[in-house]
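Before any comments, here is the structure.
Just so you know, all these numbers are worked out from the coordinates, no wet-lab data involved. It should be emphasised that the depicted structure is a prediction, and the values quoted were computed from it without experimental measurement. Note that we place each Cβ from the backbone using ideal geometry, even for glycine, and neighbour counts take in every protein chain shown.
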Amino acid sequence: MPEPRDTAVYTHGHHESVLRSHTWRTAANSAAYLVPSLRPHMRILDIGCGPGTITADLAELVPDGQVTGVDRVPEILGRARATAAGRGLTNIDFAVADVHALNYPDDTFCVVHAHQVLQHVGDPVRALREMKRVVRPGGIVAVRDADYAAMAWYPASDGLDAWLDLYRRVARANGGEPDAGRRLKAWARQAGFTDITATSGTWTFAMPEERAWWSGLWADRTLASAYADRARLGGHADDRELRAVAEAWREWGTRDDGWFSVLHGEILCRKEA
Ligand SMILES: C[S@@+](CC[C@H](N)C(=O)[O-])C[C@H]1O[C@@H](n2cnc3c(N)ncnc32)[C@H](O)[C@@H]1O
């Protein structure tokens, strides 16, 4: 694989509390902006595929095509392969790759997709240039990322304010950009795209079971995950502060009035034919 590779650290890691969120994701709840552009024969590259639930949905949406999922972390690909095998998919394969230096020829894929990846990488503009290189003329680069500073919740909570401040500091110290959603269009322009459709999409957690799930996974992630380790090791928070943030999440989850919205930026970039 050509250099350079990523200099950033993936903030969340693949702890069970993180995978609880990743494995909930579907093309419907995370790639709806892309789905209308898909055709049955397409060849798709899904970068930073993680445990592969979105990747598997994409494979079902292109039954006469092929989907390749890649991730920088080899260990998570076993989980992705199991997801695909469990669904009986045969038009899907997986490989290790870094988005900054993809081991594919120019003009290979009809669609190159990345969900919640560019916020974690060291050089998102370089990543987009590389995605542009491997997509065919007339093909689409599709990217969706959360924007942490734009997340909104009710009721107000000093503890969740502290969570947001801590998360953004840890993500930036790791070399990422937690407020990526609002920057995607600018990064795509810097990468040389001229045909860009920019939209936004949300996840909302308000019903009792949604609040319990979302608050529980963030409370657990704050106490035991790569993010928690990085927060401690980087001197961003001690155990007492992490316990207070986790407790704030659990408390918010019990609120009958509770509402939480995650804003994402989305871009569909078409490569010149
Ligand atoms: C937040 S997860 C998203 C997983 C999946 N796309 C989803 O939305 O469920 C980000 C993934 O990107 C991977 N990743 C981080 N940096 C990467 C890089 N430079 N190249 C390829 N994958 C990367 C991580 O290992 C992780 O699996």
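The angle separating the long axis of helix 124-134 from the principal Cα axis of greatest extent in the chain is about 30 degrees.
Residues Cys110, Cys269, Cys49 in ascending order of nearby Cβ atoms (within 10 Å, fewest first): Cys110, Cys269, Cys49. Would you work out if the chain is rounded, prolate or oblate? Take a ≥ b ≥ c from the square roots of the eigenvalues of the alpha-carbon gyration tensor; rounded if a/c is under 1.5, else prolate when a/b is larger than b/c, oblate otherwise. The shape class here is prolate. Under the criterion of Cα pairs below 8 Å and six or more residues apart, the relative contact order for segment 42-195 equals 21 percent. Only DSSP H runs of four or more residues enter the estimate; each adds -39500 (n - 2.57), and after division by the residues of the chain the mean residue ellipticity at 222 nm equals -11500 deg cm²/dmol.
Dividing the mean sequence gap of close Cα pairs (under 8 Å, 6+ apart) by how many residues the chain holds gives a relative contact order of 23 percent.
With a cut-off of 14 Å between beta carbons, the residues surrounding Met151 carry a summed charge of -3, where Lys and Arg count +1 and Asp and Glu -1.
Over all other residues within a Cβ to Cβ distance under 12 Å of Ala188, the charged ones net out to +4, with Lys and Arg as +1 and Asp and Glu as -1.
Going by the alpha-carbon gyration tensor, a ≥ b ≥ c the square roots of its eigenvalues, is segment 1-150 rounded (a/c under 1.5) or, if a/c is not under 1.5, prolate (a/b greater than b/c) versus oblate? The shape class here is rounded. Got a sec? Which residues in segment 144-163 would a label at Thr204 touch, if it sits 7 Å along Cα→Cβ and we count backbone N under 17 Å? Counting only backbone N, you get 151-155.
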